[in-house]
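See below for the structure under consideration.
No value in this document is a laboratory result; all are computed from the given coordinates. Everything numeric in this text was worked out from a predicted model, so none of it was measured. Because the Cβ atoms are built from the backbone with ideal geometry, glycine has one as well, and the counts that use them run over all protein chains shown.
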Amino acid sequence: MAGAVSALFLLDIKGRVLVWRDYRGDVSAVQAERFFTKLLEQEVDPDLHDPVVYDNGVTYMFIQHNNVFLMTAARQNCNAASIFLFLHRVVDVFKHYFEELEEESLRDNFVVVYELLDEMMDFGYPQYTEAKILSEFIKTDAYRMEVTQRPPMAVTNAVSWRSEGIKYKKNEVFLDVVESVNILVNTNGQIIRSDVVGALKMRTYLSGMPECKLGLNDRVLLEAQGRSTKGKAIDLDDIKFHQCVRLARFENDRTISFIPPDGSFDLMTYRLSTQVKPLIWVEAQVERHSRSRIELLVKARSQFKLIYSKLHNCSTATNVEIEIPVPSDATNPNIRTSMGSASYAPEKDALVWKVKSFPGGKEYMVRAEFSLPSITAEESAPDKKAPVRVKFEIPYFTVSGIQVRYLKIIEKSGYQALPWVRYITMAGEYELRLM
Amino acid sequence: MSGHDSKYFSTTKKGEIPELKEELNSQYKDKKKDAVKKVIAAMTVGKDVSSLFTDVVNCMQTENLELKKLVYLYLINYAKSQPDLAILAVNTFVKDSQDPNPLIRALAVRTMGCIRVDKITEYLCDPLQRCLKDDDPYVRKTAAICVAKLYDINAELVEDRGFLDTLKDLISDNNPMVVANAVAALAEIQETSTRPIFEITSHTLTKLLTALNECTEWGQVFILDALSRYKAADAREAENIVERVTPRLQHANCAVVLSAVKMILQQMELITSTDVVRNLCKKMAPPLVTLLSAEPEIQYVALRNINLIVQKRPTILAHEIKVFFCKYNDPIYVKMEKLEIMIKLASDRNIDQVLLEFKEYATEVDVDFVRKAVRAIGRCAIKLERAAERCISVLLELIKIKVNYVVQEAIIVIKDIFRRYPNTYESIIATLCESLDTLDEPEAKASMIWIIGEYAERIDNADELLESFLESFPEEPAMVQLQLLTATVKLFLKKPTEGPQQMIQVVLNNATVETDNPDLRDRAYIYWRLLSTDPEAAKDVVLAEKPVIGDDSNSIESSLLDELLANIPTLSSVYHKPPEAFVSRAKSTSARPDDEEYTDAIETSYSEWPSSSVDSAAVTSTSSPVAHSVAKQPGQVAAAPAPTSPPAPVPDLLGDLIGLDNALIPVDQPAAPSGPPLPILLPTSTGQGLQISAQLVRRDGQIFYSLLFENSSQMVLDGFMIQFNKNTLGLAAAGQLQVAPLQPGASARTLLPMVAFQNVSAGPPNTLLQVAVKNNQQPVWYFNDKLSLHIFFSEDGRMERANFLETWKSLPDSNEVTKDLPGAIIHNMDATVEHLAEANVFFVAKRRNANKEILYMSAKGPRGVPLLIELTGSVGVPGVNCAVKTPSPEVAPLFFEAMDTLLK
């Protein structure tokens, strides 16, 4: 079952090695070349466009970020899920260090990159990927002062995500409850799947080693405590916690207790698969006239009103953006809207309609007309059937009705910390297939 | 925070290396440091800066941690190329491993473990010993991994120095990270060792499960993966384990979740209570679904694993099919995997919705995805009898869109549907026939032709339809030709009228006289003979009822499935192949431990041999060599029940074959060589007057070791015995070596029957065959021979062109391995083909491309593994590019060796 990778490569977009770290001495830089040749072959045959590539005894796993490929070469049966996640974490760490991970930033910081690669992985086994703690003992030139005397305790501690001795004048916690609504509506107007993925995003500015306890209106918990749950408790389908949360404790009595990392992190994510009414409904009528003209009539309706809005009587969706696909050879747009602005975005083959503020219970419209070339290829490929896609944000509102009942913060120095909680709902993968 | 290191990449003009050398020796610290950075920059872009070794190593003794790390990095890269100079670094390493700063101690031991130079390794032991017991957990966790590094370089040393015990002690360390790394190291060492090193007792299990709560996420993965090997004693223990592992399902790290799922699935096997099992299934579903919101690469890994999980436990996700519906922006590799799972989860309950989805996908733009969606509809029809009709009507709707590749794919699956539900849906044939002209892909054409032939009696104009294909008969691919041949015969048998009669003449003529495809020709001749001798029998044969095909969506055989599930979420579960199929080790590990085992084996075997040596000693007294060999024959057959040895006594065989049949050739008879002389493996000078020449050969489908003994010593040599060390192909003697006492100056030839896969050696495939031979007078002689894969190529390795193409396509490209054989040459096409055929490498097809000849050939390797070969080269010019595609690509290195030999 054991398995480690042999080397980690950072390649530029053309497959040239930027930096690589050999962990086990059983692959060579030639491997990067072989990998890239294989990758190019794949473009011919998209069937094989997998993130796992096998060639001659070596397995390559790769991800791409900006103009950089992060790739591992392995000869053993390593844990694929762990390695991919590790690669994504490497991206996070580099981003923490260099703001952006790209070819240039890697070149500009290759010394630190080597140092980090040495610390994050040993002999092909992932070791440590907490960017914040790493930056306490691996520093870029600008921050390099003197020889660090020892690794931070956190590297090997049970609390590996937080260093001791953090101090703030003002102790504060910001908690954003962000829900993304994913929805897929079929051509016949039927909702074929919908779910809500929520995240509790925390930013902590707390001194010392604070013990936190979070209370939600989780039905299982409330029922266990024998409280009435009418109307306000919710069922969460699947909850995932940041590694700081004590899982055994949660399993035991549904208490969410933890010592948080310093700064921002996702405390938990959850998923609800209950059917939600689409918050914004879009209907599009497409008429083709005599092969040379196409007419679109798009109606958008906001279907949220007063549901679970605690602070405001009526919620408003902001930054609404609706993308309606049009044929790739459309020209001469003629667009009229009843609200907001719409424009033709040829690079997306779409009409993009933006409405800054969209109150609940309203309906707006856009009409557009495009010319089409009168001559079409005899056997043209079928048109791309892109769906209508919608983006929006609704502040002070959650679909699930989740509520933070309390966030207790206890530190031995006894300071008072202020928790700030915000709620927001956003469109995730919000797709309506066109007729 | 951003650096500006890129300046170090800027190349200085001429004399870069001398310039750097000067800077490295500068007395100014900053200049020195910059110089080292330039060296590392040069190393990064692939320039060879190994000549600066001494100068860089001189910078090693520094207080500056950054500089030290850079020098260490340099050492990792170049120590191998400068092993003698690397020793210069040892002192500093040893000193650093005692530095007051734990970062430096850990760095020293971590780096030393990465330097794979024997001389350095020797010095690693003492620092490692200290570091394993260091006060600082950061040093201990680094040392724990270092033990695995050392084991990889020199396993013996690790065992001698007792590092394994220290490592085992670290499992009880009070620091969770140290525990996790110790577990990872032990698990890796266990993987390469045959002895039990890391056995998980219920005590360790409890300890490790407790450590789980405090580990880093990566450490949790190490521990869960190691613990999944643990077999619980009973259902109760299994339930306890599951209870401790279940909270991990809530972890944000997908690898932790999947490893926990693996462990729960493993333990569930033991749990008898259906309630508990049902409850566990319910608990695993949401985390599995959530994995589909992860990054696409992780989704891919998750989907490949879910594919396995639903084959084992279909109930877990039975109600979740909707989450596998494809999103518009999913990468194609995610969509393909989702489709696969949708087919597996399709049921009578959800089929309508699933069909709507498939129909939607079938109108997307990605051709491969569209084809797969169409095929998925067909597979659902085959899987769900009650939904078959709905599936077909969706297919018909799709055909009406008249997108060429959709139509072709639909016809292919409809043929399968007909085979699953015979005589049920023929009414749609008319619709299919409308698309006849648009078919241009062989598989679609062949399917359509099959349908016409199969239902010829119900299609009024079947003869016209078939006739339209016949015109192009000679140009069609083999697959279509074969179908046309069969369909025409069916038509004729069903409607023996004038039209079909003429057609059959044309087809048979085309398929016999005018083709060079042996399969087609053979089939045509069989039909011809059947039709001309007994038309009724022909009917019985050709129109016989065909076996009904079934659903193949749960296609993985159950023992393999269990093995794959035990490997969640490793590469094995992604490939759906057992680890041995792709795990490779590149470097040659030191052969010392093996050698020892080898000698032991020989020695212990001796004690088992005396009786037989007595036998042969008794026989040696017989004076007449011919009588002797005859006398020996039956005994030999009994001793070696190899299927090879013909039971017939030697004299019945041709004279010149005597020497080839396990018999002996006495000195006075010429050692009738039936081929090129055997290579000398043990020269007279080494063998104290005994010379042994030997080679592996293949005769009549069997493998033999052909040996020639020549005695130029002054004494009679007798009591010959032979033994083979473990080798990649597991070759071993199938019987005993039969050599008569060798008079001084005499020689003897023998053929020793061999069996394969008897004592297979672990490790990477290699061609080494170590042989030991002994006799009563001399010490044991050891010599090395080479395994050649081509002796395994069996006589039935010929593949027809269509089959070859199909097999080629059915194998993923990852199974193709290519190598240039610079020494190989094709002197003459025909001669090469003939020569290769003698070695059971069979010609399939050839073509020319830009002055290069491309030969396609087939062979059947060990255990019947098909090898599809593509040779590219110019006639008479040395250098042949050889590609091989096979279900077991791990044999490729051996294969290339073999081809290299064959094409010399």
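For chain A, restrict the atom set to alpha-carbon positions and state the Rg and Dmax in Å.
Every Cα atom of chain A included, Rg and Dmax give 26.1, 78 Å.
What residues from the range B:118-140 fall in the zone where the backbone N is under 17 Å from a label point 7 Å along the Cα-to-C-beta line of residue B:172?
Within reach of a label on residue B:172, which here means backbone N under 17 Å from a point 7 Å along Cα→Cβ, the range B:118-140 contributes B:133-134.
Quick one: putting +1 on the C-beta of Lys and Arg, -1 on the C-beta of Asp and Glu, what dipole do you get for the range B:441-533 around its Cα centre, in Debye to the nearest 20? If you can, show how the numbers build up before the last one.
Values: 8 positive and 16 negative charges, 92 e Å.
Dipole about the Cα centre, nearest 20: 440 debye.
Where both residues lie in chain B, what percent of DSSP beta bridges are antiparallel, nearest 5? Could the numbers behind the result be given before it?
Values: 58 of 60 bridges.
The antiparallel fraction comes to roughly 95 percent.
Kirkwood hydrodynamic radius, the range B:5-262, all distinct C-alpha pairs: what's the number in Å? Before the final figure, lay out each step's value.
Details: mean 1/r = 0.0492 Å⁻¹.
Mean inverse Cα-Cα distance, inverted, gives 20.3 Å.
Ratio of Rg to Rh for the protein assembly as shown, alpha carbon only, Kirkwood? Before the final figure, lay out the partial values.
Working: Rg = 36.2 Å, Rh = 36.2 Å.
Here Rg/Rh amounts to 1.00.
Counting partner chain Cβ atoms within 10 Å of every residue's Cβ in B:45-55, what's the average? The partial results should precede the final answer.
Numbers: counts 6, 4, 0, 0, 0, 0, 0, 0, 0, 0, 0.
Mean partner shielding for this stretch: 1.
Which residues does a label at residue A:169 reach in the range A:186-222, if reach means a backbone N under 19 Å from a point 7 Å past the Cα toward the Cβ?
Taking a point 7 Å out along Cα→Cβ of residue A:169, the residues of the range A:186-222 whose backbone N falls under 19 Å are A:204-208.
Would you please put A:8-20, B:561-573 in order of how densely packed they are, using the mean number of other Cβ atoms within 10 angstrom per residue and starting with the highest? Please list the in-between numbers first.
Details: A:8-20: 18.5, B:561-573: 23.6.
Those peptides, ordered most packed to least, come out B:561-573, A:8-20.
Based on the Cβ-Cβ distance of residue B:368 and residue B:348, what FRET efficiency does E = 1/(1 + (r/R0)^6) give at R0 = 35 Å, to the nearest 0.05?
0.75
Select from B:517, A:81, A:274 the residue farthest towards the positive end of the dipole of the protein assembly as shown; place +1 on Cβ of Lys and Arg, -1 on Cβ of Asp and Glu, and compute about the Cα centre.
Of the listed residues, the answer is A:274.
For chain B, what's the radius of gyration and Dmax over Cα atoms, in angstrom?
When restricted to the Cα atoms of chain B, Rg and Dmax are 34.4, 104 Å.
Work out the charge dipole of chain B with +1 on the Cβ of Lys and Arg and -1 on the Cβ of Asp and Glu about the Cα centre, then indicate which of B:216, B:185, B:737 is farthest towards its positive end.
B:216
If we restrict to alpha carbons, what Rg and Dmax does the range B:118-248 come to, in Å?
Rg, Dmax (Cα atoms, Å): 15.2, 52.
Spin-label point model (7 Å from Cα, Cβ direction): what's the residue A:29 to residue B:27 distance in nm?
Inter-label distance under the simple model: 3.5 nm.
How many Å³ per residue does the convex hull of the Cα positions in the range B:280-330 occupy?
Values: hull volume 3.5 nm³, N = 51.
Value for the range B:280-330: 69 Å³ per residue.
Taking 0.36 nm per residue of separation and subtracting the Cα-Cα distance, what length does fully extending residue A:321 through residue A:96 add? Display every interim value, and only then the final one.
On the way: separation 225, 0.36 × 225 = 81.00 nm, distance 3.04 nm.
Fully extending the segment from residue A:321 to residue A:96 adds 78.0 nm.
Quickly rank A:108-115, B:401-408, B:423-430 as a protection proxy: mean count of other C-beta atoms within 10 Å, highest first.
Numbers: A:108-115: 23.0, B:401-408: 17.8, B:423-430: 13.5.
Ranked by mean Cβ neighbours within 10 Å, highest first: A:108-115, B:401-408, B:423-430.
If you take the beta carbon distance between residue A:283 and residue B:810 as r and set R0 to 56 Å, what does 1/(1 + (r/R0)^6) give as a FRET efficiency, to the nearest 0.05? Spell out each step's value before the answer.
Numbers: r = 46 Å, r/R0 = 0.82.
After rounding to 0.05, the efficiency reads 0.75.
Using a Förster distance of 45 angstrom, determine the FRET efficiency expected from the C-beta separation of residue B:235 and residue B:834, and round it to 0.05. Before the final figure, lay out each step's value.
Details: r = 65 Å, r/R0 = 1.44.
So the FRET efficiency works out to roughly 0.10.
In peptide B:60-71, how many Cβ atoms from other protein chains are near each Cβ within 10 Å, on average? If you can, show how the numbers build up before the last one.
Working: counts 0, 0, 0, 2, 3, 8, 8, 1, 1, 6, 3, 0.
Partner-chain Cβ atoms within 10 Å, mean over residues of B:60-71: 3.
Anything in chain A that counts as a DSSP H helix reaching 24 Å or more along its axis (C-alpha) with Kyte-Doolittle mean of at least -1.0? List them, would you? Can you show the working numbers first?
On the way: long enough: A:80-98 (27 Å, 1.01).
The qualifying helices are A:80-98.
Please give me, ordered by residue number, the trypsin sites (Lys or Arg not before Pro) of the range B:87-193 that lie in loop per DSSP and have at most 14 other Cβ atoms within 10 Å. Walk me through the numbers before you get to the answer.
Numbers: sites: B:95, B:105, B:110, B:116, B:119, B:130, B:133, B:140, B:141, B:149, B:161, B:168; in loops: B:116, B:133, B:161.
Qualifying residues, ordered by number: B:133.
Given N residues in the range B:792-902, what is Rg(Cα) / (2.2 N^0.38 Å)? Walk me through the intermediate numbers first.
Working: Rg = 12.7 Å, N = 111, 2.2 N^0.38 = 13.2 Å.
Against the empirical 2.2 N^0.38 Å value, I get 0.97 for the range B:792-902.
Multiplying the sequence separation of residue B:461 and residue B:715 by 0.36 nm and subtracting their Cα-Cα distance, what value in nm do you get? Before the final figure, lay out the partial values.
Numbers: separation 254, 0.36 × 254 = 91.44 nm, distance 8.81 nm.
82.6 nm is the gain from fully extending residue B:461 to residue B:715.
Suppose the chain between residue B:318 and residue B:54 were pulled fully straight at 0.36 nm per residue; how much longer would it get relative to their current alpha carbon spacing? Kindly include the intermediate steps, with their values, before the conclusion.
Numbers: separation 264, 0.36 × 264 = 95.04 nm, distance 6.57 nm.
My answer for the length gained is 88.5 nm.
Output the direction-averaged projected area (hull surface divided by four) of the convex hull of the alpha-carbon atoms of the range B:441-533, in nm². List each step's numbers first, then the result.
Values: hull surface 21.2 nm².
Result: a mean projected hull area of 5.3 nm².
Determine the calculated [θ] at 222 nm for the protein assembly as shown from helices alone, applying -39500 (n - 2.57) to every DSSP H run no shorter than 4 residues and normalising by the residue count; nearest 500 deg cm²/dmol. Display every interim value, and only then the final one.
Numbers: 44 runs with 530 residues, N = 1339.
One gets -12500 deg cm²/dmol as the mean residue ellipticity at 222 nm.
Taking the simple approach of a point 7 Å from Cα along Cα-to-Cβ for both residue B:881 and residue A:275, what is their distance in nm?
If labels sit at residue B:881 and residue A:275, their model points lie 5.8 nm apart.
Can you compute the modelled spin-label distance between residue A:191 and residue A:421, with each label point 7 Å from Cα toward Cβ, in nm?
2.5 nm
Arrange B:836, B:805 by Cβ neighbour counts within 10 Å, fewest through most, would you?
Details: B:836 23, B:805 19.
So the residues, fewest neighbours to most, are B:805, B:836.
Considering every residue in A:115-124, what mean count of other chain Cβ atoms within 10 Å of its Cβ is obtained?
Details: counts 5, 0, 1, 8, 5, 1, 1, 13, 13, 4.
Mean partner shielding for this stretch: 5.
Please report the relative contact order for chain B, taking Cα pairs under 8 Å with a sequence separation of at least 6, and give it as a percent rounded to a whole number.
Working: 1315 pairs, mean separation 46.9, N = 904.
Relative contact order, chain B: 5 percent.
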